[in-house]
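Have a look at the structure below before the remarks.
The values are calculated or read from the model by the stated rules, or taken from the named source; none is laboratory data. All figures in this text were calculated on a predicted structure; none of them were measured in a lab. Cβ: placed from backbone, ideal geometry, glycine included. Neighbour counts: every protein chain shown.
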Amino acid sequence: MKKIVALLTDFGWDDNYVGIIKGVILNINSNLQVVDICHSINPQNIIQGALRLKSAYSYFPKKTVFLCVVDPGVGSKREAVILKTKDYFFVAPDNGLLSLVVDEHSPKEIYTITNRRYFIEPLSCTFHGRDILAPVAAHIASGVPLHRFGKRKEALKKIALPKVIVDHKKQCLQGQIIDIDRFGNCITNLTEKDLAVIKRKVSLKFKGYTVSRIASSYAEAEEDQPLVIVGSRGYLEISVNNGSAAKKFNLRIGTPIKVLPKDSLNLLDKRDI
Amino acid sequence: MKKIVALLTDFGWDDNYVGIIKGVILNINSNLQVVDICHSINPQNIIQGALRLKSAYSYFPKKTVFLCVVDPGVGSKREAVILKTKDYFFVAPDNGLLSLVVDEHSPKEIYTITNRRYFIEPLSCTFHGRDILAPVAAHIASGVPLHRFGKRKEALKKIALPKVIVDHKKQCLQGQIIDIDRFGNCITNLTEKDLAVIKRKVSLKFKGYTVSRIASSYAEAEEDQPLVIVGSRGYLEISVNNGSAAKKFNLRIGTPIKVLPKDSLNLLDKRDI
Amino acid sequence: MKKIVALLTDFGWDDNYVGIIKGVILNINSNLQVVDICHSINPQNIIQGALRLKSAYSYFPKKTVFLCVVDPGVGSKREAVILKTKDYFFVAPDNGLLSLVVDEHSPKEIYTITNRRYFIEPLSCTFHGRDILAPVAAHIASGVPLHRFGKRKEALKKIALPKVIVDHKKQCLQGQIIDIDRFGNCITNLTEKDLAVIKRKVSLKFKGYTVSRIASSYAEAEEDQPLVIVGSRGYLEISVNNGSAAKKFNLRIGTPIKVLPKDSLNLLDKRDI
């Protein structure tokens, strides 16, 4: 069985940083399989990195080593760490990037990375992905025991994610858009479980627009018409059939989304669609 | 010999969809080699997907499994299918994406994909690339016989491609631009064979401009000057030496292209270049 | 040990050219590992290609075959060549793309590529990356001896790179920006060694701005404030902590950079930051 190192970074596709990281990994063990998960995390956006890692990692084979680099603090005092869960290994700066993994699977072991024997020297100030994290990931995938890289550590830094606010009295929820994909689908932080709070049929409201169609395929809406659908990550998404919801409604990451019982809609709202 | 799964999708490079698909494939068989053909098909553009698949697939090793996902009808009643040709396997939604493959190689076998045993559950509404097509492609590449995935089927859905119109009397052809690449080369749907209809030397006319130089290298035109060349896909392409034809002449996919005998050009046309 | 073919091209990620090249390579030997270094070299920009190759190749395993395609002269009389250095093989058009490799490692052997037995026929006019360079790279990685591909050759074409100008009298240096990355870091052609000429502390001056902070991590500057740092390629880079220096100061490839002793700064310069 081939050992896999999977990469998630904010390095983008235009520079040669990802290519260099692959060179470093294969130079340590050319039998490893290096796989790209995503390199287009918005620069230094740890929350987006954590979300995209969460929606991807569990599809990979057990024992996969995830090399995660969204690292605004590179070269400063922030630590680099290894997280071992039941099924996987993660190598990352300790800045919250692994928060959502830890939410789902309590850590089996955590190590700081301090053993310079595994680093590429001379160490750069700006590219620890190349000089520290990539070689460590390659060595883990090649079977080096974790205690060789540094000392045990109790917990990882956590970051706060946008939370869903529940108003039980008014039976309404307040969420927001947390990601937007290439098709203009707007991923919210609302799940079906959240909706269960409101026992009646619901509508989503944003920027003065209201969408009441909760669909089970894009084709249920007319061409260029909006719908809400449970997306592939389990979150509610605002979409437009054969079009871009982000463009049509000018939505962005952070745009607030309100969920209301369908019958509570303001009857005077003329922009209902 | 390593088994290959080659990917052609409209998922783009910015999201983690392609990465997730690779995780699914390698989770089924980590010895497979996953190769990217193209992920930048314009969203839901089946014709462009069919064209780019056509110009690429025959360069791959025999037995390659092509996983093709341009799927505006995901979650609706459209079927997912397996096509077996003499040399290759294709897994795709049945929406015309494989039209040009079937034009070149008549199907040996076609199957619908219905056996949920090979699906990832719970099935999402929006990402059958991950939940159905990717696992099926991985299982085919791993040797699972095709009849296990569903029932035989006689024919695939076809889509109509922009055709070349021939005016034998006036000895002229009417084609169009069907793709534009990174360099601004504008690929037409005209081939050398089409030109043979006109026995004399020809000119290409578009948007009031005329290009008469049919070149055999970009360097035959002066810097920043236009030429027509038989491109790597066998189609005539409008190019600019060390520049972008698309930008210089403001050309787009769909722009009409006229081919005329060279001596028939309107002598009053002052924009000849 | 797995044999690697590493790709550096100006083909971009949007077309299927890179995918086709991978098909060609794997069709010759499906056990090769194909790795992307960079495909976003600005179209036909040989200097940028040479720089990005230089900063990446030495991280790869020995015996890696580098397939380098930035090829404005494709189809014209320019030669295609194989360069063998102590550790690596390079396959490229002979247009200066390998200049910086040769600066670091004198060639062991150079061959022209002329043996059509290894080409894909019919040869296209526009895509020798697919028809000549990719198959030759795959055959080299598979062990075919270099003399089979063509004749020995003495030297490669060189291109001139932007040089640092030293004014010993005024103790100042004149360099320029040679690359800009996704984060807006502006890579100059100045190294620490260049700075040693000036014995005192220095400032960098560009477009009327002056940056005096030579930092060892981004975090040493305040949020959104500029700094100069020795980047991962060994060159001085102008950066902004958690921001884009390119955007903030409107810098481009080619923008001149002046290095002055810190105490020589014009005291009247009010834009010092």
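Taking the criterion of being within 14 Å of chain C (Cβ to nearest Cβ) and in a loop (DSSP other than H, G, I, E, B), the residues of segment A:44-61 that qualify are A:GLN44, A:ASN45.
Being surrounded by 13 or more Cβ atoms within 10 Å (Cβ to Cβ), more than 30 Å from A:SER58 (Cα to Cα) and in the same structural domain as B:LYS22 (by TED's automatic domain parsing) is the requirement here; does B:VAL202 meet it? Against the criterion (surrounded by 13 or more Cβ atoms within 10 Å (Cβ to Cβ), more than 30 Å from A:SER58 (Cα to Cα) and in the same structural domain as B:LYS22 (by TED's automatic domain parsing)), B:VAL202 does not qualify.
Between B:ILE82, B:ILE47, B:ILE41, the distinction of being under 24 Å from A:TYR218 (Cα atoms), touching a Lys or Arg at 6+ places or on another chain (Cβ under 7 Å) and surrounded by 21 or more Cβ atoms within 10 Å (Cβ to Cβ) belongs to B:ILE41 only. Taking segment A:184-211 as the range and being closer than 22 Å to A:LYS169 by Cβ and assigned to a loop (DSSP other than H, G, I, E, B) as the test, the residues that pass are A:ALA196, A:VAL197, A:ILE198, A:LYS199, A:ARG200, A:LYS201.
When each of C:SER58, C:SER30 is tested for being surrounded by fewer than 21 Cβ atoms within 10 Å (Cβ to Cβ), farther than 25 Å from C:SER232 by Cα and among the polar types (S, T, N, Q), the lone residue that passes is C:SER30. Based on what the data block shows, is B:LEU83 touching an Asp or Glu at 6+ places or on another chain (Cβ under 9 Å), more than 30 Å from A:GLU192 (Cα to Cα) and either assigned to a loop (DSSP other than H, G, I, E, B) or among the aromatic types (Phe, Trp, Tyr) (or both)? For B:LEU83, the condition - touching an Asp or Glu at 6+ places or on another chain (Cβ under 9 Å), more than 30 Å from A:GLU192 (Cα to Cα) and either assigned to a loop (DSSP other than H, G, I, E, B) or among the aromatic types (Phe, Trp, Tyr) (or both) - is not met.
Yes or no: segment A:87-98 includes at least one residue that is free of Cβ contacts under 8 Å to residues at least 40 places away in the same chain, under 23 Å from B:GLY23 (Cβ atoms) and touching an Asp or Glu at 6+ places or on another chain (Cβ under 8 Å). Looking for residues that are free of Cβ contacts under 8 Å to residues at least 40 places away in the same chain, under 23 Å from B:GLY23 (Cβ atoms) and touching an Asp or Glu at 6+ places or on another chain (Cβ under 8 Å), one finds none in segment A:87-98, hence no.
Is segment A:226-242 home to any residue that is more than 12 Å from chain B (Cβ to nearest Cβ) and either over 10 Å from A:ILE187 (Cα atoms) or among the aromatic types (Phe, Trp, Tyr) (or both)? Among the residues of segment A:226-242, at least one is more than 12 Å from chain B (Cβ to nearest Cβ) and either over 10 Å from A:ILE187 (Cα atoms) or among the aromatic types (Phe, Trp, Tyr) (or both), which makes the answer yes.
Per this entry, C:LYS77 is counted among residues that are surrounded by fewer than 21 Cβ atoms within 10 Å (Cβ to Cβ), within 10 Å of chain B (Cβ to nearest Cβ) and among the basic types (Lys, Arg).
Consider segment C:144-163 and keep the residues that are hydrophobic (A, V, I, L, M, F, W, C) and at pLDDT below 95. The one that is surrounded by the fewest Cβ atoms within 10 Å (Cβ to Cβ) is C:ALA160. If only residues of segment A:164-186 that are out of contact with any helix residue (DSSP H, G or I) (no Cβ under 9 Å at 6 or more places or on another chain) and in contact (Cβ under 8 Å) with a residue 60 or more places away in the chain are counted, the one that is surrounded by the most Cβ atoms within 10 Å (Cβ to Cβ) is A:GLN176. Among the residues that make up segment B:89-103, is at least one of them assigned by TED's automatic domain parsing to the domain that holds B:SER55, among the aromatic types (Phe, Trp, Tyr) and touching a Phe, Trp or Tyr at 6+ places or on another chain (Cβ under 6 Å)? Yes, segment B:89-103 contains a residue that is assigned by TED's automatic domain parsing to the domain that holds B:SER55, among the aromatic types (Phe, Trp, Tyr) and touching a Phe, Trp or Tyr at 6+ places or on another chain (Cβ under 6 Å). Residues in segment A:208-225 that are crowded, with 17+ Cβ neighbours inside 10 Å and at the interface with chain B (Cβ under 10 Å from one of its Cβ atoms): A:ALA215, A:SER217, A:TYR218, A:ALA219.
Going residue by residue through segment B:110-125, is there one that turns out to be within 14 Å of chain A (Cβ to nearest Cβ), out of contact with any helix residue (DSSP H, G or I) (no Cβ under 7 Å at 6 or more places or on another chain), in contact (Cβ under 8 Å) with a residue 40 or more places away in the chain and assigned to a loop (DSSP other than H, G, I, E, B)? For segment B:110-125, residues within 14 Å of chain A (Cβ to nearest Cβ), out of contact with any helix residue (DSSP H, G or I) (no Cβ under 7 Å at 6 or more places or on another chain), in contact (Cβ under 8 Å) with a residue 40 or more places away in the chain and assigned to a loop (DSSP other than H, G, I, E, B): present.
Given the criteria small (Gly, Ala, Ser), assigned by TED's automatic domain parsing to the domain that holds B:ILE253 and farther than 17 Å from B:LYS248 by Cβ, does B:SER212 qualify? Answer is no for this residue. Just to be sure before I move on: is A:LYS3 touching a helix residue (DSSP H, G or I) at 6+ places or on another chain (Cβ under 7 Å), over 21 Å from B:PHE127 (Cβ atoms) and charged (D, E, K, R) in the structure I sent? Yes, satisfied.
Do we have any residue at all in segment C:91-104 that's among the hydroxyl-bearing types (Ser, Thr, Tyr), under 13 Å from the mean Cα position of the chain (by Cα), more than 8 Å from every other protein chain (Cβ to nearest Cβ) and surrounded by fewer than 23 Cβ atoms within 10 Å (Cβ to Cβ)? Among the residues of segment C:91-104, at least one is among the hydroxyl-bearing types (Ser, Thr, Tyr), under 13 Å from the mean Cα position of the chain (by Cα), more than 8 Å from every other protein chain (Cβ to nearest Cβ) and surrounded by fewer than 23 Cβ atoms within 10 Å (Cβ to Cβ), which makes the answer yes. Filtered by the rule that a residue be assigned to a loop (DSSP other than H, G, I, E, B) and either polar (S, T, N, Q) or at pLDDT 95 or above (or both), segment B:232-252 gives B:SER232, B:ASN241, B:ASN242, B:SER244, B:ASN250, B:LEU251, B:ARG252. Quick one: B:ALA221 ticks every box in (1) under 20 Å from B:GLY96 (Cβ atoms); (2) outside the structural domain of B:GLU104 (by TED's automatic domain parsing) bar one, so which box is it? Every listed condition holds for B:ALA221 apart from (1). When B:ILE25 is tested against (1) facing another protein chain (nearest Cβ under 7 Å); (2) assigned to a helix (DSSP H, G or I); (3) among the aliphatic types (A, V, I, L, M), exactly one condition is not met: (1). Just to check your reading of the model, which residue among B:ILE41, B:ILE20, B:ILE37 is closer than 28 Å to A:LEU51 by Cα, touching a helix residue (DSSP H, G or I) at 6+ places or on another chain (Cβ under 7 Å) and at the interface with chain C (Cβ under 8 Å from one of its Cβ atoms)? Testing whether each residue is closer than 28 Å to A:LEU51 by Cα, touching a helix residue (DSSP H, G or I) at 6+ places or on another chain (Cβ under 7 Å) and at the interface with chain C (Cβ under 8 Å from one of its Cβ atoms) leaves just B:ILE37. Among the conditions (1) free of Cβ contacts under 8 Å to residues at least 12 places away in the same chain; (2) surrounded by 15 or more Cβ atoms within 10 Å (Cβ to Cβ); (3) acidic (Asp, Glu), the only one that C:ASP131 does not satisfy is (1).
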